[in-house]
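A.B. asks: Can you keep this structure in mind? I'll have questions shortly.
The values are calculated or read from the model by the stated rules, or taken from the named source; none is laboratory data. Remember, it's a predicted structure, so these values are computed and weren't measured experimentally. We place every Cβ from the backbone using ideal geometry, glycine too, and count neighbours over all the protein chains shown.
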Amino acid sequence: MFQVNALGESSFDESDIFSARAKKQGTPSSVYDYAATRVSLANLKNDVFSVLANLAQTPGSFVHDGSVFKQEIDTIKHALEEAYVRTDLVENGFDNFSAGLDGVDGTPSKSLVAKHNIHIASRSGGVASVQFAGKGDAQVNDDVLIVAPFTSAGRNFIIGESLTLTSEGKVTENGVEYELEADKFKKKIPTTSDNVYEEGTHLIIKATPLAGRKFLKWEQGGETDDVITVIPTDNFYIEATFTKDD
C-alpha cells in the first residue's frame, strides 16, 4: 500500500510496484485516481476562493464582525490549500516512482532526474513566490543568478542578483572585473508556471508584504529574511507569515 505521512513522506510496497508496471503498459489502475482527485480539489479551491472573495467585498452580504470574518475566510482558504498540497504530493510521488522504472522488470533508471513540487503559501498580509531559479554551471555570456551572498573586490553581491559572465567565473561592471565565489552562483533558468523543478535547482523565494504589513518569518524553519534560497531535495512546502507594521 502507498502511504503518505503528515510530512508528505511516502512509502511503497509490492502492490505499488505492480500498479506502476501496469501503468507503464497502459493498463488502467484505480491506484491512480489521485490525479482526478487533484483536479477536483484544484477546481474546488478556485471556486471557493472566488466565492469568499466576492462575499467579503459585498456590503451587507454577511452580518459579522469584520476582522473575525476575515480570519475565518483565511482559515478556510488555508485548509483548502493544505488539502490541495497533500494531494499534489501524492501525485508527484507516484510520478517520480513510475519514471524510475525502465520497464516491466522494475529496474531503476540511472538517468532519472527527480522533479519536485514547490508549494509557497502566505497568510493574509502579503504574498510569496519563486522569483528566480538557477541550476548547473554557466559558460561565458550566460546569465547567472547569485544564490548566496559574498563580497568580491569590495563589491557586495546579494541573493537574487542577475548578472552576465564576461569571462570564466567573472563579471565586469563599469570596467571593474569581479571574481564570483564558487558555488554561490548558478546558471539562470526560467521559472515554471506549475512550480515543478528538477532536483538540485536553486530557487530564490521572496515574501512581499501588503501596505501596512511587514514580513515576520517563514513558518517552516523560522527564517526571518524575506528573501531566501531553497534547494529542494523532495516535495517542498513553505509559508510566509506577516504582521502589522507599527
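A.B. asks: Looking at LYS186 and the list (1) touching a His at 6+ places or on another chain (Cβ under 7 Å); (2) in contact (Cβ under 8 Å) with a residue 60 or more places away in the chain, which single condition is not satisfied?
C.D. replies: (2)
A.B. asks: Let me ask something additional. Checking the structure you have, find out if any residue of region 197-204 is in contact with a Gly (Cβ under 7 Å, 6 or more places away or on another chain), aliphatic (A, V, I, L, M), crowded, with 17+ Cβ neighbours inside 10 Å and at pLDDT 90 or above.
C.D. replies: yes
A.B. asks: For GLN131, state whether it is at negative phi and surrounded by 13 or more Cβ atoms within 10 Å (Cβ to Cβ). Please lay out each step first, then the result.
C.D. replies: Details: at negative phi: yes; surrounded by 13 or more Cβ atoms within 10 Å (Cβ to Cβ): yes.
When the stated conditions are applied, GLN131 passes them.
A.B. asks: For the structure I just gave you, tell me whether VAL171 is in contact (Cβ under 8 Å) with a residue 40 or more places away in the chain and either outside the structural domain of GLY125 (by TED's automatic domain parsing) or of a type in the set (A, V, I, L, M) (or both).
C.D. replies: No, not satisfied.
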